[in-house]
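K.L.:
Structure below; questions to follow.
The values are calculated or read from the model by the stated rules, or taken from the named source; none is laboratory data. All figures in this text were calculated on a predicted structure; none of them were measured in a lab. Using ideal geometry, Cβ is built from the backbone for each residue, glycine included, and neighbour counts are taken over all protein chains shown. Please note that ligands, DNA and RNA were not included when accessible areas were found on the heavy atoms of the full protein model with its side chains. Shrake-Rupley method; radii C 1.70, N 1.55, O 1.52, S 1.80 Å.
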Amino acid sequence: MTPSPKVTTAVLRTMKAQHQRITALTAYDHLFAGLLDEAGVDVLLVGDSMATVVQGRETTVPVTMDEMVYHCAMVGRSPRRALVVGDMPFLSYQVSAEDALRNAGRLLKEGFAEAVKLEGGAAFAPTVRRLVDAGIPVMGHLGLTPQSIHQFGSYRARGQDATEQARIVDDAVALEQAGAFSIVLEKIPAELGRRVAEATEVPVIGIGAGPHVDGQILVTHDLLGLFTRFRPRFARRYLELAREITAAVQTYCQDVREGSFPNTSESY
Ligand code: KIV
């Protein structure tokens with residue numbers, strides 16, 4: 001299928017209505033964003049997973065607004081076919097709706113994002129409404145919410161019992177009613193993914209949420225086999241780039257050490 005022209009929140013909604021699956025990947029810089037956009041991915045998320053993948057941090061908690069704006073601008077500065085979504089880092093939207101509005105506005109004004117994402121359910125509905133009323137499209141994020149790692153103590157799958165499952169469905173409906181244009185669902189049972197996708201008209205994008213949702217997102221560095229510190233079960237690897245990079249660099253070092261690089265055609 002030929003990718004449509006510019007992807008907007010309206011295009012994503014139509015894709016759900018027409019049962020076309022949505023593709024989404026993370027991007028943290030200009031080079032990767034260009035490659036992924038050229039390849040036809042529909043949504044580029046400047047995720048706060050940047051903390052673990054790029055910055056070498058243990059969790060996403062320490063990421064700052066300035067860091068998110070910096071990475072977002074690298075992704076969003078050039079025109080993209082994909083919808084560019086900037087992640088709201090921990091404590092950039094929890095203090096007050098006004099604070100959230102100012103910070104989300106920075107992702108759009110300075111980071112060139114076209115939408116923002118935030119973690120949390122019904123408790124954040126008033127904040128989502130405030131942003132949407134100000135013209136900022138919001139993507140929700142339910143299930144495993146990595147910014148709450150210290151509350152839960154682990155990255156175990158969520159939605160494991162009926163109470164938790166009902167809460168996730170209710171949260172999704174509350175986010176939709178507050179005006180969210182899409183919802184990310186992370187690490188929950190596939191059947192719960194189906195329930196949430198059926199309970200809402202906005203596109204539900206899964207990561208470890210099974211095949212019955214409206215689209216999928218992965219961390220690009222997982223998909224490419226570049227990030228190998230840990231490997232979630234849902235992260236299918238399409239390449240083993242870390243291995244290939246190590247082999248290439250070892251060959252380069254060997255060539256330099258034995259004097260075969262540079263050769264005459266590589267010299268002036
Ligand atoms: O930060 C991130 O990359 C994310 C995705 C895992 C959805 O939130």
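K.L.:
Hey, what's the chain come to in accessible area per residue, 1.4 Å probe, Å²?
P.N.:
49
K.L.:
Comparing His150, His30, His141, which has the greatest mean-square fluctuation in the GNM of the chain with Cα pairs linked when under 10 Å apart?
P.N.:
His150
K.L.:
Moving to a separate point now. Leaving ligands, DNA and RNA out of it, rank Met15, Met74 by accessible area with a 1.4 Å probe, largest first.
P.N.:
On the way: Met15 15, Met74 40 Å².
Highest to lowest solvent-accessible surface, that is Met74, Met15.
K.L.:
Given a Förster radius of 22 Å and the C-beta distance between Ala248 and Thr228 as r, what FRET efficiency does 1/(1 + (r/R0)^6) yield to the nearest 0.05?
P.N.:
0.90
K.L.:
Still on this model: Test of understanding: given the chain, find the longest segment containing no trypsin sites (Lys or Arg not before Pro) that are in a DSSP loop and have at most 12 other Cβ atoms within 10 Å. Before the final figure, lay out the partial values.
P.N.:
Values: sites that count: Lys6, Arg156, Arg229, Arg233, Arg236.
Free of exposed loop sites, the longest segment is 7-155.
K.L.:
Can I ask one more? Would you look at the GNM of the chain, springs on alpha carbons closer than 10 Å, and say which of Ala51, Ala24, Ala39 moves the most?
P.N.:
Most flexible of the set in this elastic network: Ala39.
K.L.:
How much net charge surrounds Pro89 when only other residues with a Cβ under 13 Å from its Cβ are counted (Lys, Arg +1; Asp, Glu -1)? The partial results should precede the final answer.
P.N.:
Numbers: positive: Arg57, Arg106, Lys117; negative: Asp48, Asp66, Glu67, Asp87, Asp99, Glu119.
Around Pro89, the surrounding residues sum to -3.
K.L.:
Give, rounded to the nearest 20 debye, the magnitude of the charge dipole that the chain has about its Cα centre when Lys and Arg contribute +1 at Cβ and Asp and Glu contribute -1 at Cβ.
P.N.:
My answer is approximately 320 debye.
K.L.:
Among Asp99, Asp255, Asp170, which one shows the highest mean-square fluctuation when the chain is modelled as a Gaussian network with alpha-carbon springs under 10 Å?
P.N.:
Asp255
K.L.:
Estimate the FRET efficiency between Arg156 and Ser260 by the formula 1/(1 + (r/R0)^6), using the beta-carbon distance for r and 45 Å for R0, to the nearest 0.05.
P.N.:
Efficiency at R0 = 45 Å is approximately 0.30.
K.L.:
Note down the relative contact order for the chain as a percent, whole number, built from C-alpha pairs under 8 angstrom at least six residues apart.
P.N.:
Relative contact order here is 15 percent.
K.L.:
Something else about it: What longest range of the chain stays clear of loop-exposed GluC sites (Glu not before Pro) (DSSP non-H/G/I/E/B, at most 14 other C-beta within 10 angstrom)?
P.N.:
In short, 59-200.
K.L.:
With labels modelled as points extended 7 Å from the Cα through the Cβ direction, what inter-label distance (nm, one decimal) is found for Arg21 paired with Thr59?
P.N.:
That separation, rounded to one decimal, is 3.3 nm.
K.L.:
Ok, one more. Quantify, in whole percent, the carbon and sulfur part of the accessible surface of segment 9-237 (1.4 Å probe; protein heavy atoms only).
P.N.:
Answer for segment 9-237 is 54 percent, counting heavy atoms of protein chains only.
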